[in-house]
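Mind looking over this structure? Questions follow.
The values are calculated or read from the model by the stated rules, or taken from the named source; none is laboratory data. The structure presented is a predicted model; accordingly, all values stated were derived computationally and were not measured. Reconstructed Cβ throughout: ideal geometry from the backbone, glycine too, with neighbour counts over all protein chains shown. Remember, those area values only see protein heavy atoms, side chains included, never the ligands or the DNA or RNA. Shrake-Rupley method; radii C 1.70, N 1.55, O 1.52, S 1.80 Å.
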Amino acid sequence: MIKTYLFDSGRGKLLHDVDLSKQGLLQHQDDLLWVDLFDFSEEELNYVADAFDFHSLAIEDCQHYSPRAKVDDYGEYYFFVLHALRYKEDSDEEITLEQLNVFLKSNVVVTVHRRTLPSLGRIARDCLNNQTRFLENGSDRFLYHILDGLTDEYFPILDRVDQRVDELEDQLNEQPNQEITEEFLALKRTILYMRRAIQPQKRMFFSVNGKYVFQVAKENEPYYLDLLDHIERITDSLNSFRDLLDGLLASYYSTITARTNESIRILTVISFIFMPLTFLTGFFGMNVPLPDQQSMWSTVAITAGLLGATGGMLLIFKKQHWI
């Protein structure tokens, strides 16, 4: 499906569903055309590619999933591969990456994605209400709004991950179980996916000597500095969560190992106690004649001997601090 939004700077109004094959759509330098292509067919993608003469390699990237964010310079335009996050805690795959491809020209922005994205949906809703605030400041500012919307969606997920890490830390002192191990794995996978989506963006939008990897107007640089600050806060939080999880996981395994050693120690003590008792009862149980075996006192003496051996070993274990 193709949706188009054209900001006519001369008249100060928005036009919807314009014909891309029409000549002279962009008559002023400050005009901006946004083409949103989602749930698209191959014919629709090729139609947009032909309308703006996009490179076949960029179109190929739009058709296939790429797990790594990047930006390519094609001379007349820039091609971005970005990722939005879908978070469903109760599902088998609680977090997935949704690829968003962006073509950035001086007066044209084309977004290509398979599924609807809430951040783009909010922008489209404002455009349908004839609000021009997203389109009236140039393509690089519009790209900032897209990136800012994607970044804002990361923070609720971060808050939930923070809560889950705290809950997991509280559960470590309880009896270890399979659910705790599964929660560890789920959290590490969530953090890994978020780092995979966000870490490359930090390099993409980091300015070196005041220069970005794509053209940014001087008046829009403060917005990208603010965006970079948000991305750095997110990456710092993710690194902290990762280190904390590694520490919790080490503590968890140490707790399990300590409890296992405690169980083995107790079982070993019990084995040592029953070892001489088993030997004595086995030896005298092989029809070996006992002194005064017709008297009840022989049974009492044997029982007392067994109890004495048990008590002696318990005293030795106690003295050695084994029990």
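What is the distance in Å between the Cα centres of segment 96-144 and segment 4-37?
14
Using a Gaussian network model on the chain with a 10 Å cutoff between Cα atoms, which of Ala309, Ala186, Ala250 fluctuates the most?
Largest GNM mean-square fluctuation: Ala309.
May I pose another question? Rounded to whole Å and sorted largest first, what semi-axes of the equivalent ellipsoid does the C-alpha gyration tensor of segment 7-164 yield via the square root of 5 times each eigenvalue?
Working through the eigenvalues yields semi-axes of 28, 19, 14 Å.
Counting other C-beta atoms within 10 Å, and keeping those with at most 10, which DSSP coil trypsin sites (Lys or Arg not before Pro) do you find in segment 35-118?
Answer by residue number: Arg68, Lys88.
Next question, about the same structure. What number, rounded to the nearest 500 deg cm²/dmol, is the helix-based mean residue ellipticity at 222 nm of the chain, given -39500 (n - 2.57) per DSSP H run of at least four residues and division by all its residues?
My calculation for the chain gives -19000 deg cm²/dmol from helical runs alone.
Ranked by accessible surface with a 1.4 Å probe, highest first, in what order do Val165, Val300, Val71 come?
The most accessible residue leads, giving Val300, Val71, Val165.
Tell me which label goes with the value of Cα extents along the principal axes in Å computed from the coordinates here: (1) 63, 48, 35; (2) 123, 40, 34; (3) 67, 44, 39.
(2)
Would you mind getting me the FRET efficiency between Thr260 and Lys88? Use the beta-carbon distance for r and R0 = 35 Å, nearest 0.05.
The computed FRET efficiency comes out at 0.50.
Would you mind telling me the antiparallel percentage of the DSSP bridges in the chain, rounded to 5?
Antiparallel bridges: around 85 percent, rounded to the nearest 5.
Quick one: accessible surface of Asp19, probe radius 1.4 Å, all protein chains present, in square angstrom to the nearest 10.
Estimated to the nearest 10 Å², Asp19 gives 80 Å².
Cross-link candidates for Lys3: which lysines have Cα within less than 22 Å, leaving aside residues fewer than 8 places away along the same chain?
Lys13, Lys22, Lys105
Sort out the exposed loop GluC sites (Glu not before Pro) in the chain (DSSP loop, at most 14 other Cβ within 10 Å) and tell me the longest stretch that has none.
Here the longest run is 175-323.
What is the Cα convex hull volume of segment 93-152 when expressed per residue in Å³?
Hull volume normalised by residue count: 90 Å³.
Rank Asp246, Asp31, Asp170 by mean-square fluctuation in a GNM of the chain with C-alpha springs under 10 angstrom and give only the top-ranked residue.
Most flexible of the set in this elastic network: Asp170.
Please list, in order, the residues from segment 89-115 whose amide nitrogen is less than 14 Å from a point placed 7 Å along the Cα→Cβ vector of Glu182.
Hits in segment 89-115 for Glu182 at 14 Å: 89-94.
Given the Cα-Cα distance of Ala250 and Tyr74 and 0.36 nm per residue of separation, how much length would full extension add, in nm?
58.6 nm
For the Cα atoms of the chain, what angle does the longest principal axis make with the long axis of helix 296-319, in degrees from 0 to 90, nearest 10?
40
Percent relative contact order of segment 81-153, based on C-alpha pairs within less than 8 angstrom and at least six residues apart?
24
Could you work out the local net charge near Ile273, counting Lys and Arg as +1, Asp and Glu as -1, over the other residues with Cβ closer than 14 Å to its Cβ?
Cβ neighbours under 14 Å give a net charge of +2.
Near His113, within a Cβ-to-Cβ distance under 11 Å, what is the net charge of the other residues, with Lys and Arg +1 and Asp and Glu -1?
-1
Right, here's the next one. What is the distance, in nm, between label points placed 7 Å from the Cα along the Cα-to-Cβ direction at Leu307 and at Leu57?
If labels sit at Leu307 and Leu57, their model points lie 9.0 nm apart.
Moving on. Taking the solvent-accessible surface of protein heavy atoms with a 1.4 Å probe, what is the per residue accessible area of segment 44-106 in Å²?
Per residue, segment 44-106 has 50 Å² of solvent-accessible surface.
If you don't mind, there's one more thing I want to ask. Percent of accessible area on segment 73-206 owned by carbon and sulfur, 1.4 Å probe?
Carbon and sulfur: 42 percent of the exposed surface of segment 73-206.
Counting other Cβ atoms within 10 Å, which chymotrypsin sites (Phe, Trp or Tyr not before Pro) in segment 1-97 have at most 15 and lie in a DSSP loop?
Answer in residue order: Tyr65, Tyr74.
Excluding residues on the same chain fewer than 8 positions from Lys218, give the aspartates and glutamates whose Cα lies under 12 Å from its Cα.
Within the straight-line cut-off, Lys218 pairs with Asp140.
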